[in-house]
Structure formats: C-alpha cells, structure tokens
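The values are calculated or read from the model by the stated rules, or taken from the named source; none is laboratory data. Owing to the predicted nature of the structure, the values given are computational and were not obtained by experimental measurement. Virtual Cβ from ideal backbone geometry, glycine too; neighbours counted across all protein chains shown. The protein model used for the area step is the full one, side chains on, heavy atoms only, and it has no ligands, DNA or RNA in it. Shrake-Rupley method; radii C 1.70, N 1.55, O 1.52, S 1.80 Å.
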Amino acid sequence: MEEDPGSLGSFLKWAATLGISDSTDQFQSGSRSCLGSSLLVSYFPDAGGRGLAAARELGRGELILRVPKSALMTSECLLKDQKLASSVNRYPHLSPTQILIVCLLAEMGKGKDSWWYPYLMQLPRSYDTLASFTCLETQALQVDEAIWATEKATSKAELDWKEALPLMKDLELRQQLLTFRSWLWASATVSSRTMHIPWDDAGCLCPVGDFFNYAAPGEESLPSEVEESWRQSSSSQVCSSLNDGTTEKSETDVFDIHSQRLTDAEYRDDIAAYCFYAREKYKKGEQVLLSYGTYTNLELLEYYGFILNANPNDKAFIHLEADIHSSSSWPKDSLYIQQDGKPSFALLSTLRLWATPPNQRRSLGHLAYSGSQLSVDNEISIMRWMRNNCRVLLENLPTAVEEDVLLLHVIVKLQDDPAAKEIEQMLSTSGDDVRAFFKAFGLLKESNVIPLSRKARRSMGRWKLAVQWRLRYKNILVNCVSCCNEAINFLSSQNLSSNRTMLPSFDNNYIF
C-alpha cells in the first residue's frame, strides 16, 4: 500500500533524504527514518502532547540531532521562487517576519506541488497564542496586564496582516489564504516554531527540530559564578549611577548579561547545520526537552500558546507609584514578585530605599543595592506594604482562587464530552462563567443544551488556558502574602533595639 504523503512515517523518511539525522555517524541516505538512533517520536499527554523521547540513554551536552542548512525553511530558500521574489521586492516596507509569513502562506497554497508538502502537513492546524483569543477568552484572563497584552498582540497581528495583504493579492493567493484567520495561523507558526539564524531576523522553520517540547531554564541553568558576577556588577554600576546622577546607560549595561537567552540548540557555520544537544542526562523513554529561552507564563501564552504548571521564571507585577520607581535606578521590568512569592532582588532593593527618608537614601544606597537589610523596622514596613497590596489585588479580581479551581474542574468535565443531562447539571451548579460561555456560542436554546461544536471546543481550550493563567497569577500573590507574613513574624521576634543601634532610626512617616 502506498504511504500517505502526509503521515508521520512518510515525513520522517522525507526528512532522512534531506540529511536530517539523530545519529552520531554520517547519515546514510535511503533510511526509513531520520530518527531511531538517539530520539523517537512519542506522545506525552500531560507534558506537551507529541514530542521526542530518548531512544537510548543520553549524556548531558551530547549532540542528538542535526538538521542541515538545506533542510531549513527560510525566506531565503522560499524566495528562490522568482514570481514570489519579484513580488516581495515591490514591498520593501514589510518586516522579515511578515515576509516569512507571506512565503509560508504562498507555499501552503501550492498544496501537494510544494517541495515542503511533507513538512507542511506536520504543522498544527490551529494555535492558542494570545492573538487568537476572542473577547470572551481575553476577559477570562481577568488581570489588566494580561488583557492589555492580548489586545496588543491581536492589534499588531491585524496591522501586520493589512500591511501584507496587497502583496498576497499580487501573488494571487486563494481567497482562503487571504483571510485574517489564515494570517493568524501562519503568524503563530512563525512565532511558535522558528529558531534563530544569524542571517535572517525572522528565523527559520526547522523540520523535526520543532518536535521538541519546552523546558524552562531554571536558576541552575545560570552558573553561580555568572549570577554572582551579574549581581555584583548590578550593585556597583547602579550605585555609581546614583552617585553621579546618571542612570540610563547603566541600566542597559547591567541587564545585558541577565537577559541573554539560554538555549540547547544553535546553528553552526562550521558544519552548516542546526545542532541540538541534550540539556541533561536522559534515560531511555524519557521526554527530551528543549529550552527556547526564558519566558513567563504570559509570554509563553503570547508566543507559543501554552503555559507551564510550574514555571520557575513566572512572575507577577504589582502597581508601583512614581515615587517608588524614582527612589532607585532599577529598570521597571526588574521590579516583580517571583513565582515562589518572594520579591525580586531589584524590587526588594527599591522598596527598602523607598521606605527610607529621602535625606538618608544616598548614604544607605550602597547597602540596599547590595541586597542588605537596612533595619528591622524598614524591613517590616515593606513586607506589610507588599502583603497589603497583594491582598487588595486579589480582592479586586472577579473570582477567588477557590472559584477558579472549581471552574477548571468543570471545564475539564465539559471537555470529556459529557451527556446533555450532566451539562445541564453543571450549568445549574456552576458560576456565571460557564453559562456565559454556552450563551456566547448559542449552545443554550429554550433550556435545551446543544452539543459542543468544533469551534466551541477550540474556544474552550483557550478559555481553559486563560483560567489556568489567572489561577497561577493569583497563586503568586497568595504565596507573596504568605512569605510576607512569615517574614513579619520572624522580624518581629528579633531584638529590635540591637538593630536600631546599628542604623539610623526612621520617622514613623516611613513605616507602613
């Protein structure tokens, strides 16, 4: 029987003919698959779905996959189509990313005539990135920061589409490929699956290499000596800027090393191939993961369409008045609460200075920027301030943590395709969110429940992601309240008098 050209087996065989290989030996063309030596395609229902598993024991840092440059889908290779290249050249204002998206849609339009057809058939048919969220799903995020990020992502996608539409019409793409929906699909493909290459800012699509699921780089990924060097340079440079009155340049310099992406793959010029390495030791059968970079859950949702249950790089921002920002030289995006509920180094430093009388900040600045506690009273005051602000944030959100947990339970039940009577029972016992969802999709008519359509199911998946995200955000705030209470109780038990003799006492005006 002839193999389906869109099947996984056919794709892996096609990839092998391009020289894609997981073998440490020189790849032999004509093999039935490009995998089997180091990696295998497997399914992980609770950890990203389809991914790559170790075919044997893998050592940390071992080369496990090689994808030749000729097998990378880039704007450069797609623009070898003369008609496409000629049309693109008439639109120099388009960004590299817009050009790659148009090239991808043009290639999709070729169908089975496309040389990339086996790869295109392996791409997801839909994504859950923020730009694809409807108003209902966006409001389910609840937090202003997330709602704003979603609206911004959607607006940008629409603007990019409108700018590229004349080019796509010149190319005479099918009407279906000219729609905003198709643009969102291609844009999400580029956003979630491209990898960095030095010659094109848009990146490249990497067959087989994009099968890896994501692992967040934790603190252990940053060598301790590098982290310590960053902290010391942060302290010295920011203190220096405090003394000489300049801040703009030092802020950028300080965070250059900290903002570098940590990845387990790279394009190597010496062998003209994208190379992937094992980020740790893996036993046979374990899922092999790849770090795309350091992202919060909101960023993962925006660019990739998923979130992590436990993301060491997740964070929550709380509103800070202008006088708090002006009390230190730390960049605004460094002032946040960490996933475990503890304030970031920069936020703690900033609040310590803010709770200090202005006429004493210069003399105590070096202590605050080095991470030192200024006094017990000072520390208690900022812990109370953070605790109270987190409580206010939680109280002002439409639902509590316990309600979100129950709602997620209901959504999971709905996704399991329950009977109509079960759905009616859930509607009668659930909050307004579930009924609003059914009403939005016209699934309630004269007390009768209509089965979920495919569109409704896709929306329910994004709705679930929104509820999961807001629950994790709230848990960060809850953790912060708990951490602050523990700190306050501990500090209150200390000998306050001995601490006050070490540093100047503060006015009651600065105790909160």
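Given the pairs LYS281/LYS342; LYS152/LYS332; LYS110/LYS156; LYS152/LYS315; LYS80/LYS112; LYS80/LYS110, which span a C-alpha to C-alpha distance of over 24 angstrom in this model?
LYS281/LYS342; LYS110/LYS156
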### Query
In whole angstrom, and with the biggest value first, how far do the Cα coordinates of the range 284-439 range along each principal axis?
69, 45, 24
### Message
Keeping all protein chains in the complex and leaving out DNA, RNA and ligands, what accessible area do you get for SER33 with a 1.4 Å probe, in Å² to the nearest 10?
### Response
30 Å²
## Note on the structure
Residue span ARG454 to ILE488: 0.36 nm per residue of separation minus Cα-Cα distance leaves a gain in nm of 7.1 nm
### Separation of alpha-carbon centers, the range 190-216 and the range 278-352, rounded to whole Å
22 Å
### Task
Report the normalised scattering of the range 297-353 as log10 I(q)/I(0) at q = 0.19, 0.28, 0.31 Å⁻¹, calculated by the Debye formula with identical scatterers on the alpha carbons.
-0.70, -1.09, -1.23
### Task
With θ set to phi - 60°, apply the Karplus curve 6.51 cos²θ - 1.76 cosθ + 1.60 along the range 386-397 and write out the HN-Hα couplings as whole Hz, x wherever there is a Gly or Pro.
5, 4, 5, 5, 5, 4, 4, 4, 5, 5, 7, 7
### Task
Sum up the charges of everything whose Cβ sits under 14 Å from the Cβ of THR154, counting Lys and Arg as +1 and Asp and Glu as -1, but leave THR154 out.
-1
### Query
At each listed q (0.14, 0.15, 0.19 Å⁻¹), what is the log10 of I(q)/I(0) that the Debye formula gives for the range 137-226 modelled as equal alpha-carbon point scatterers?
-0.79, -0.88, -1.13
### Query
Taking amide hydrogens as modeled 1.01 Å from N in the peptide plane, which residues meet the under 5 Å criterion relative to LEU39, leaving out close sequence neighbours?
ALA55
### Task
Quickly work out the ARG56-to-SER7 label distance, labels modelled 7 Å from Cα along the C-beta direction, and quote it in nm with one decimal.
2.7 nm
### Task
Using only alpha carbons, build the gyration tensor for the range 328-381 and give me the equivalent ellipsoid semi-axes, biggest first, whole Å.
19, 13, 9
### Query
Which whole-number value in Å³ per residue fits the convex hull of the alpha carbons of the range 65-201?
136 Å³
### Query
Using only Cα atoms, what is the ratio of the radius of gyration of the range 12-98 to 2.2 N^0.38 Å?
1.48
### Query
Can you list residues whose amide H is under 5 Å from LEU290's amide H, if they're 5+ apart or on another chain and H is modeled 1.01 Å from N?
ASN213, TYR214, ALA215
### Task
Could you state, as a whole-number percent, how many of the C-alpha pairs of the range 259-324 are farther apart than 17 Å?
62 percent
### Query
Can you pull the accessible area of TRP115 for me, 1.4 Å probe, Å² to the nearest 10?
130 Å²
#### Entry: Two-decimal log10 I(q)/I(0) for the range 114-169, as the Debye equation yields it once each C-alpha is a single scatterer, q = 0.13, 0.15, 0.19, 0.30 Å⁻¹
-0.50, -0.62, -0.81, -1.06
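Restricting to DSSP loop positions (anything but H, G, I, E, B) with no more than 12 other Cβ atoms inside 10 Å of their own Cβ, which trypsin sites (Lys or Arg not before Pro) remain in the range 72-157?
LYS80, ARG90, ARG125
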#### Entry: Rounded if a/c under 1.5, otherwise prolate or oblate - the range 36-145, Cα gyration tensor axes
oblate
### Query
In what sequence, highest mean first, do 349-357, 270-278 appear when ranked by Cβ atoms within 10 angstrom?
349-357, 270-278
### Query
Taking amide hydrogens as modeled 1.01 Å from N in the peptide plane, which residues meet the under 5 Å criterion relative to SER114, leaving out close sequence neighbours?
none
